[in-house]
Amino acid sequence: MPALFPLLADCCVSCSGFEADDKEAVHQRIEQLGGSVSFQLTSLVTHVIVKDSLASNKYRVSARIGIPVVSIEFLDECEKEARRRSLPSLRSLGGGNAQRGANATADVATAVRQATERTWYRPFSGCLVCTTGFDLEVREEMKCLITDVTPRDSCRAAGVFARHIDGFRPDDFVAMPKLIGGGGSYNGVLTPACTHLVAQSPTGQKYKFARQWGVCVRLGGSERSVGHSASIVV
C-alpha cells in the first residue's frame, strides 16, 4: 500500500467508545496519516474520535474544554484527501521554496479543519427524543435544539433547556464551533424506538410506557442547570 500524505502530522488523536481490537485498527489508520495517538486526554490532544456514544467521561471533558469530538468518518475524510495529495502529479507541484512550504502547511490545516467540521459529533447524535408535560413553545424550542439549530438561534434554544432540564449548561453547547445541528431526531409520539423521554414530571402515560419499554427518562422542571448539554441524553 503506497504511503499516504501525512495529513495529520500536526494532530494528536484520542479515541473513545471502541473495543480493543477496533481501537487498535483506528490507531493504525491515524498513524498511517502521520498523526500521533494518545490513550489519555492531555493538553496535546487535538481531536477525539467517538464510536457511537457520548456517555464517556472523555467525551464530556473534551466537549467542555473545546477539543473537537468527531465521528470515525473523520478518518475517512482525511484518508480521501491524503490519497489525493499522494498522487505524483500533486507531489511534484511547486518549487520547494519557503513560501510554498508555508502555503502548503496552511492548506493542510484548512483541509483538516474542513474534515473536522464535516464530521463533528453532534450532542444528540443517535438519539430519538420525545417530550411530555411541556407547553407548545417549550416543545418547539427543544425540538429545534435537538434536530436543526443554527448558530444564531442556538443561544435562545439552549436557554430553554437550561430553564427546564436538570443537568444542562447551555454555554458548553453553544461554544461548539460551526454548530449546524443537534444531530438528533424528535418524535412527538412515544414509541419503543425512542431512545429518550424528557418529562416535566414522573407522571402520565408517556412516562409510564417509557419505563415499561426501557426508554431512558430525564426529568425537567428544575432551575439548576449544571452539566453539559449532552447529559440530557446519557
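The values are calculated or read from the model by the stated rules, or taken from the named source; none is laboratory data. Just so it is clear, the model here is predicted, and its values are computed rather than measured. No Cβ is skipped: glycine too gets one built from the backbone with ideal geometry, and neighbour counts run over all protein chains shown.
Starting from residues that are among the hydrophobic types (A, V, I, L, M, F, W, C) and more than 21 Å from the chain's Cα centre (by Cα), keep the ones in region 8-24 and report whichever is modelled with the lowest pLDDT.
Per the stated criteria, the residue is 20.
Do you know which residues across region 25-45 are in a helix (DSSP H, G or I) and in contact with a strand residue (DSSP E or B) (Cβ under 8 Å, 6 or more places away or on another chain)?
Within region 25-45, 26, 27, 30, 31 meet the criteria.
Name the residues in region 109-152 that are out of contact with any helix residue (DSSP H, G or I) (no Cβ under 8 Å at 6 or more places or on another chain), hydrophobic (A, V, I, L, M, F, W, C) and either in a loop (DSSP other than H, G, I, E, B) or modelled with pLDDT of 90 or more (or both), would you?
Once the filter is applied, which keeps residues that are out of contact with any helix residue (DSSP H, G or I) (no Cβ under 8 Å at 6 or more places or on another chain), hydrophobic (A, V, I, L, M, F, W, C) and either in a loop (DSSP other than H, G, I, E, B) or modelled with pLDDT of 90 or more (or both), region 109-152 yields 109, 128.
Residue check, residue 61 against (1) over 16 Å from residue 120 (Cα atoms); (2) free of Cβ contacts under 8 Å to residues at least 24 places away in the same chain, all met but one. Which one?
Single failed check for residue 61: (1).
So, of the residues in region 25-43 that are at pLDDT 95 or above and of a type in the set (A, V, I, L, M), which turns out to be surrounded by the fewest Cβ atoms within 10 Å (Cβ to Cβ)?
Per the criteria, the residue is 25.
Check region 69-80 and report whether any residue there is assigned to a loop (DSSP other than H, G, I, E, B) and either more than 12 Å from the chain's Cα centre (by Cα) or under 18 Å from residue 113 (Cα atoms) (or both).
There is at least one residue in region 69-80 that is assigned to a loop (DSSP other than H, G, I, E, B) and either more than 12 Å from the chain's Cα centre (by Cα) or under 18 Å from residue 113 (Cα atoms) (or both).
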